[in-house]
Amino acid sequence: MIVVMDPCGTSAQLQHVVSMLDEMHAGYQVIDTGARTVVEIVDSNSGIDRSRLEQAPMVERIGSSGDPVLAAARGAGDCTREIPLGKTASIGGRKLAIIAGPCSVESEDRILETAHAVKELGAVALRGGAFKPRTSPYAFQGHGEPGLEWLARAREKTGLAIVTEVMRCEHVELVAGYADVLQVGSRNMHNSQLLSAVGRQTKPVLLKRGWSATLQEFLLAAEYIMASGNPNVILCERGIRTFEQYTRNTLALAVVPEVKYRSTLPIIVDPSHGTGKADLVQPMSYAAIACGADGLIIEVHRRPEKAWTDAFQTIGHEQFRSLMTGLRGFARAADREL
Ligand code: PEP
Ligand code: MN
């Protein structure tokens, strides 16, 4: 059981709650998340008078520590939170947000060429990894800071917002100095230190679902970021690992409407990692928009077969054009704009 204090509460009001718990002989821990204070009752075998606690001044509510939508629970009539994507775009409103670009930033010329192409076709943000989480330690690990500089130059030239991954706590400040949105990848979704670190800075965070994470774990990972003070979390369904072999992952699209029922956070879909097959990216993009996703993140490269990373799931500029053309009808049907 947790006692959630109103963020405007004073330390005296917290002390009042703590004294009540002492009187009730309860074991507890006071947790200051950065954004709010929560008292977790760790030993509730003793007689806890729940209604007395509920009525104490500045107690927001009594909940459970496993409740994943404390900070962004959807109440009746609540809208999805609209989160800025750079200076001119946003995600979570009526307009769909399309984020496109290569898996990894390979060179300044290449990232610029793809940035211009995807911008012309309607993308609002450019993706590209400068720090790459790779399964093999012998595979290309990303260019690091020079890659971030090339992304920033692509933003200068095109106006696209930049979405790029941060893998280590020590790099949060560096990456936040270049990016408009910090991506926390699937492999790091369980890294609570990194989640708290991106929660302590102000740039929005794109949180990808761990490939073996339940929806509950995914939402609790988002909660870590919000509990540290950053409410701007964009969820991303990117497929989970199942027994199925014909795709790289199984794209679990049902989480999109389920997240919409539970939370006010926007959610986008990554059909590139979600399928691992370039030919499946277009149809699954349409399916994602049909079931209510707020946007897409798609791997696009000028010559997909030559991409240094994730070539098999990357589409070319012309395929992206065709995807965007077909997407208009699905956007209209879903009552969204493109
Ligand atoms: C990526 O976006 O390139 C990436 C590595 O994604 P994920 O963390 O979903 O595997
Ligand atoms: Mn990739």
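Going through region 68-119, which trypsin sites (Lys or Arg not before Pro) have at most 10 other Cβ atoms within 10 Å and a DSSP loop state? Intermediate values should be presented prior to the final figure.
Values: sites: R74, R81, K87, R94, K95, R110, K119; in loops: R74, R81, K87, R94.
Listed in order of number, the matching sites are K87.
In square angstrom, rounded to the nearest 10, how much accessible surface does I240 have for a 1.4 Å probe?
The value for I240 is about 40 Å².
Assuming 0.36 nm per residue, please report the length gained on full extension of the stretch D49 to S107 beyond their Cα-Cα distance. Show your work: numbers first, answer last.
Working: separation 58, 0.36 × 58 = 20.88 nm, distance 6.24 nm.
Extra length available between D49 and S107 comes to 14.6 nm.
At a Cα cut-off below 20 Å, give the aspartates and glutamates reachable from K277, other chains included and same-chain residues fewer than 8 away excluded.
Output for K277: E237, E244, E299, E305, D310, E318.
Please list, in order, the residues from region 10-36 whose amide nitrogen is less than 19 Å from a point placed 7 Å along the Cα→Cβ vector of M1.
14-31
Would you kindly derive the ³J(HN,Hα) couplings of region 9-15 from the backbone phi angles with the Karplus curve 6.51 cos²θ - 1.76 cosθ + 1.60 (θ = phi - 60°), listing them in order in whole Hz, with x for Gly and Pro?
In residue order, the calculated couplings are x, 9, 5, 5, 5, 5, 4 Hz.
I'd like the GluC sites (Glu not before Pro) in region 193-296 restricted to DSSP loop residues with at most 13 other Cβ atoms within 10 Å, sorted by number.
Of the GluC sites (Glu not before Pro), the ones in loops of region 193-296 whose Cβ has at most 13 other Cβ atoms within 10 Å are E244.
List the pairs from K132/K260; K157/K260; K87/K132; K87/K306; K132/K157; K119/K306 whose alpha-carbon separation is above 28 Å, in the order I gave them.
K132/K260; K157/K260; K87/K306
If you add up the charges near R36, with Lys and Arg at +1 and Asp and Glu at -1, over every other residue whose beta carbon is less than 10 angstrom from its beta carbon, what do you get?
-3
Determine the shape class of region 154-250: with a ≥ b ≥ c the square roots of the Cα gyration tensor eigenvalues, call it rounded for a/c under 1.5, and otherwise prolate if a/b is greater than b/c, oblate otherwise.
Oblate, since a/c reaches 1.5 and b/c is not below a/b.
What percent does the relative contact order of region 2-63 come to when contacts are Cα pairs within less than 8 Å and at least six residues apart?
47
Grab the other residues whose beta carbon is less than 11 angstrom from that of I298, score K and R as +1, D and E as -1, and report the net.
Values: positive: R127; negative: D270, E299.
Around I298, the charge tally is -1.
Nearest 0.05, what FRET efficiency do H16 and C291 give at R0 = 41 Å with Cβ-Cβ as r?
0.35
Could you point to the residue in F140, G199, G295 farthest towards the positive end of region 83-333's charge dipole, with +1 and -1 charges on the Cβ of Lys/Arg and Asp/Glu respectively?
So the residue furthest toward the plus end is G295.
If Lys and Arg each add +1 and Asp and Glu each add -1, what is the summed charge of the other residues whose beta carbon sits under 13 Å from the beta carbon of L182?
Its environment carries a net charge of +2.
Let me make sure I get this right: for the chain, a, b and c are the square roots of the gyration tensor eigenvalues over alpha carbons, sorted descending. Under 1.5 in a/c it's rounded, otherwise prolate if a/b > b/c, else oblate. Which is it?
It is prolate, given that a/c is not under 1.5 and a/b is the larger ratio.
The values are calculated or read from the model by the stated rules, or taken from the named source; none is laboratory data. This one's a predicted model, so the numbers in the text were calculated from it and none came from an experiment. FYI the Cβ positions are ideal-geometry reconstructions off the backbone, even for glycines, and counts take in every protein chain you see. Keep in mind that these areas ignore ligands, DNA and RNA; they rest on the heavy atoms of the full protein, side chains included. Shrake-Rupley method; radii C 1.70, N 1.55, O 1.52, S 1.80 Å.
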